[in-house]
Every structure is written in structure tokens, then in C-alpha cells.
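Notes follow once the structure below has been shown.
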Amino acid sequence: MDHSPGFLVYVAARRSQVTEVSVPDARAAVAAQPAARLIDVREDREWQAGHAVGAEHIARGVLERDIERLIPDASTPLYLYCGGGYRSILASATLQEMGYAHVHSVAGGWRAWEEAGAPTATDQPKQGKDAV
């Protein structure tokens, strides 16, 4: 996806405020920390098409509104990803501003997850003869 110059400048200004981690590091951290949460901040249609195994879906559009209800402990380690790592940077910066202390953005997002061969799942409804 081509991003507008203004958007890229906006993300770059927040990147220095956020801890980015690789896919292998995110997977290892989530596996090693029972309280850690892997959060997919993409849109519903993106989540349904495929997502990381073990991830929870909290779309960027409702993240700020719902996070305290869904994850009330602000010390919970959070690992956020989006499609390419831009929206998760913005979401991570926002959650830090809201008081979440251990927020990480997965560098490269969903594309990096797939390229790393990390486990994925889909929520696509069955169609055709396989539909119930």
C-alpha cells in the first residue's frame, strides 16, 4: 500500500516513542510471559482474512475506547501488529499515553508475520459446498 507523505511523517514522529520488536522476539515474549497479549489492530475484514494464531482482535478504530475494559491491568505486556507496522506504532504510542507501560509494536506487522512463517489462522466464513 502506498502511504501519503503526511502519514509517513506522522508515524515517523511517533516511532521513536515506541519499542518495536521482530516477529521472532514477539512470539518468544508472548510464549514466555503468561500475561502477555498479542493484539491485532487491523480492520475486521483484514482479521477475518487471516491473523496470527493466539492473537486477539481489537481494531484500531475501537482500541482506545475498549482497551481498559478488555485489558484493565496497564502493566500487561502488549504486542501489537497491523498490516505493515504503521498503525501498530500509532496504537502503541496511544496506549502508552493512556498509561500502558509495556507496549510493543511488531515491526513489519502482518506481512512480516507471514514472511517469517509464523502460525496463522482465518475466520473466513465457509462458502459453497463446504458451508453448513
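Every number in this text was worked out from the coordinates using simple rules, so none of it is lab data. Computed from a predicted structure; not experimentally measured. So basically every Cβ, Gly included, is an ideal-geometry build from the backbone, and we count neighbours across all protein chains shown.
What's the magnitude of the charge dipole for the chain around its Cα centre, counting Lys and Arg as +1 and Asp and Glu as -1 at the beta-carbon? Answer in Debye, nearest 20.
Details: 13 positive and 17 negative charges, 15 e Å.
Around 80 debye, computed over the chain.
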Identify which of V62, V103, V11 has the largest mean-square fluctuation in a Gaussian network model of the chain, with springs joining Cα atoms closer than 10 Å.
V62
Go ahead and set up a Gaussian network model of the chain, Cα springs under 10 Å, then flag whichever of R45, R87, R27 fluctuates most.
R45
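Determine the shape class of segment 3-51: with a ≥ b ≥ c the square roots of the Cα gyration tensor eigenvalues, call it rounded for a/c under 1.5, and otherwise prolate if a/b is greater than b/c, oblate otherwise.
Values: a/c = 2.91, a/b = 1.36, b/c = 2.15.
Oblate, because a/c is 1.5 or more while a/b does not exceed b/c.
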Going by C-beta contacts inside 10 Å, put D2, D40, D66, D73 in order with the fewest on the left.
D2, D73, D66, D40
Assertion target for S88, S16, ordered by fewest C-beta neighbours within 10 angstrom first, is S16, S88
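Report the calculated FRET efficiency for R45 and D2 (r = Cβ-Cβ distance, R0 = 22 Å), to the nearest 0.05. Don't skip to the answer; put the middle values down first.
Details: r = 19 Å, r/R0 = 0.88.
So the FRET efficiency works out to roughly 0.70.
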Which one, Q48, Q33, Q96, has the greatest fluctuation when you compute a Gaussian network model over the chain with C-alpha springs under 10 angstrom?
Q33
Measure nothing fancy, just the Cα-based angle from helix 86-97's long axis to the longest principal axis of the chain, in degrees from 0 to 90, nearest 10.
50 degrees
